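Encoded as structure tokens, here's the structure I'll be asking about.
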Amino acid sequence: MNDTIIEFENVTFTYDSEEGEAPKTPALRNVTLRVKRGEFLAVLGHNGSGKSTLAKLCNAIYTPQSGVVRVNGLVGDTEEKADQIRRIVGMVFQNPDNQIVATIVEDDVAFGPENLGVEPQEIRRRVDDALRAVNMYEFRLREPHKLSGGQKQRVAIAGVLAMQTDCIVLDEPTAMLDPKGREEVMSTVHRLNEEMGITVILVTHFMDEAVDADRVVVMDSGRIVMQGTPAQVFSQVDTVRRYGLDVPQATELCHALGMPGCVLTIEDCVAQIAARAGGDAG
Ligand code: ADP
Ligand code: MG
């Protein structure tokens, strides 16, 4: 099997303008991007840079006016192929409340596979497995709207898992959550990536959530303007800031202290400061 799961080749996408309105400027311009099977990719960029548009092109919600998006080699230019693509790439959106479709958690998770025409017995198994994978099995008979934000997002993730997609695209899934909910969602997503080999594309504006990604891309005005490992990207503190973003807190602190290299986590930051203090003393 090919090691590329999603491929953007020179993709330009422009939203339709209203009648009588001037044509819109492209939301994506000449985007070329290859997502590897099993990769954890973080997509960063300030508001309006094109992140959500890129996310929606990944599972054929939109199709580009020029260039091509391939998912497992498939182009979503017909309804049938778009359907096939949606069985490969699942989406989780920002607002957990907009994603609830049923009044009981397990029915909510079953909704996707039901629509795919999966056998009831198989659905039962998938729903249980999916809820266990996101640590929500004990909540299976609860009412989704009574759950916390982090729990709702984990139910939404279970809904994608139950469709057995190879890739999950999450568009700012933690933006509306408290720190505990953010942590629950992030650790769940990392576990699915590491233990189940699910490809993850995480759109986020929290820099700290990008630190553990395999690769980071930064978008600006519909273009990919930086990409590399978190250390490669965040070490360019001034460039990152020029695109309207912060660097992770630990990176910023170590940068401000004039420390060499790129520090991404508080633990590494503490270790560096300790080493430096030790060095100064000796
Ligand atoms: P981001 O997710 O990074 O904030 P988006 O992909 O949502 O960026 O938006 C990129 C550009 O496309 C912005 O200029 C935005 O105003 C425009 N845009 C987004 N959604 C729509 C839409 N449904 N109709 C028209 N323009 C849109
Ligand atoms: Mg967005």
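For a quick check of your reading of the model, give me the residue pairs whose first member lies in the stretch 216-239 and is under 15 Å from Asn30 (Cα atoms), whose second is within 13 Å of ligand 1 (Cβ to nearest atom) and of a type in the set (Lys, Arg), with beta-carbon atoms closer than 7 Å and at least 6 apart or on different chains.
Met219/Lys51; Gly222/Arg29; Arg223/Arg29
List pairs: first residue in the stretch 34-58 and more than 10 Å from ligand 2 (Cβ to nearest atom), second residue of a type in the set (Lys, Arg) anywhere in the structure, Cβ distance under 7 angstrom, at least six positions apart or on different chains.
Note: pairs meeting the criteria are Glu39/Arg215; Leu41/Arg215.
Hey, can you tell me all the residues within the stretch 15-61 that are in contact with a Ser or Thr (Cβ under 7 Å, 6 or more places away or on another chain), farther than 21 Å from Val225 by Cβ and either open to solvent by 70 Å² or more (accessible area, probe 1.4 Å) or within 9 Å of ligand 1 (Cβ to nearest atom) (or both)?
Pro23, Arg37
If you don't mind, another one. If you scan the stretch 101-158, which residues turn out to be basic (Lys, Arg) and part of a helix (DSSP H, G or I)? First the steps, then the outcome.
Of all residues in the stretch 101-158, those basic (Lys, Arg) come to 124-126, 132, 140, 142, 146, 152, 154.
Matches in the stretch 101-158: Arg124, Arg125, Arg126, Arg132, Lys146, Lys152, Arg154.
Let me ask something else. Can you name the residue in the stretch 159-173 that is in a loop (DSSP other than H, G, I, E, B) and within 16 Å of ligand 1 (Cβ to nearest atom) and, of all such residues, is surrounded by the most Cβ atoms within 10 Å (Cβ to Cβ)? Even if it seems obvious, please write down each step before you answer.
Looking only at the stretch 159-173, we keep the residues that are in a loop (DSSP other than H, G, I, E, B), and these are 162-166, 172-173.
Still in the running and within 16 Å of ligand 1 (Cβ to nearest atom): 172-173.
Working: Glu172: 20, Pro173: 32.
So, considering only residues that are in a loop (DSSP other than H, G, I, E, B) and within 16 Å of ligand 1 (Cβ to nearest atom), the one surrounded by the most Cβ atoms within 10 Å (Cβ to Cβ) is Pro173.
Mind listing whichever residues of the stretch 197-230 are among the hydrophobic types (A, V, I, L, M, F, W, C) and more than 22 Å from Glu7 (Cβ to Cβ)? Walk me through how you get there before you give the answer.
Our first condition is that a residue be among the hydrophobic types (A, V, I, L, M, F, W, C); within the stretch 197-230, this holds for 198, 200-203, 206-207, 210-211, 213, 216-219, 224-226.
Phe206, Met207, Val211 - these are the residues of the stretch 197-230 that are among the hydrophobic types (A, V, I, L, M, F, W, C) and more than 22 Å from Glu7 (Cβ to Cβ).
Go through (1) open to solvent by 10 Å² or more (accessible area, probe 1.4 Å); (2) within 16 Å of ligand 1 (Cβ to nearest atom); (3) closer than 24 Å to Ile198 by Cβ for Val75 and report which single condition fails.
That leaves (2) as the condition not met.
The values are calculated or read from the model by the stated rules, or taken from the named source; none is laboratory data. All values reported here derive from a predicted model rather than from experimental measurement. As a convention, Cβ positions derive from the backbone with ideal geometry for all residues, glycine included, and neighbour counts pool all protein chains shown. Side chains included, ligands, DNA and RNA excluded: accessible areas come from the protein's heavy atoms. Shrake-Rupley method; radii C 1.70, N 1.55, O 1.52, S 1.80 Å.
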